[in-house]
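Following: one structure in structure tokens, then a few remarks.
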Amino acid sequence: MKDRVEALVQFFETLSPQSVSGLQRFYAEDCHFKDPFNDVRGLDALAVIFRHMFDQLDAPRFIVRERVVEMPRVLLTWDFEFRFRRWQPRVTQCIHGASLLTFDGAGLVAVHRDYWDAAEELYEKLPGIGALMRLLKRQARPAARLK
């Protein structure tokens, strides 16, 4: 099964608009995918999410940093690097996150849950809303109230 996990990691790290059609090699037909923005079921819905990523972002790529394999579950920690297509300057962004994958009896991913902090990893970096998010974060800290 470790070979299967390594093949999946390779798939993520080399993901392209063309390779999205290969999801069925790794995911169950009725898979469940959830992240801070999506909660979908089925291969077709998952493919839509990945295709949308390539439509909206320039040079998106995953770099898997760590693997914890304890079948039927696998935890992957990763960095997701990208640039927003519609923003100038096109600065490379990085989101740090983790994926918890649960495999079915056939060795396919049945559940894929991504964990990452949308506020810290994305919203704080956005023009306008980023300043508001950083202000809210400072106000929520206990140390900020002691000053």
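The single condition from (1) surrounded by 14 or more Cβ atoms within 10 Å (Cβ to Cβ); (2) within 19 Å of D117 (Cβ to Cβ) that E66 fails is (1). Scanning segment 53-62 for residues that are surrounded by fewer than 14 Cβ atoms within 10 Å (Cβ to Cβ), at negative phi and assigned to a strand (DSSP E or B) returns a single hit, D58. Per this entry, K125 is not counted among residues that are under 13 Å from the mean Cα position of the chain (by Cα), farther than 23 Å from D3 by Cβ and either surrounded by 15 or more Cβ atoms within 10 Å (Cβ to Cβ) or modelled with pLDDT of 95 or more (or both). Please tell me if E81 is of a type in the set (D, E), farther than 23 Å from G105 by Cα and free of Cβ contacts under 8 Å to residues at least 24 places away in the same chain. Considered against the rule, which asks whether it is of a type in the set (D, E), farther than 23 Å from G105 by Cα and free of Cβ contacts under 8 Å to residues at least 24 places away in the same chain, E81 comes out as yes.
Tallying residues that are within 16 Å of Q10 (Cβ to Cβ) and over 15 Å from the mean Cα position of the chain (by Cα) within segment 68-97 yields 1. Would you mind stating whether V111 is of a type in the set (A, V, I, L, M) and at pLDDT 90 or above? Yes, satisfied. For V91, the conditions (1) in contact (Cβ under 8 Å) with a residue 12 or more places away in the chain; (2) out of contact with any Asp or Glu (no Cβ under 9 Å at 6 or more places or on another chain) are fulfilled apart from (1). One residue stands out in segment 98-110 among those that are among the small types (G, A, S) and surrounded by fewer than 19 Cβ atoms within 10 Å (Cβ to Cβ): the one that is nearest to R41 (Cα to Cα), namely A110.
The values are calculated or read from the model by the stated rules, or taken from the named source; none is laboratory data. All of these numbers come straight from a predicted model, not from anything done at the bench. Positions of Cβ are generated from backbone atoms using ideal geometry, with glycine treated the same way; all protein chains shown enter the neighbour counts.
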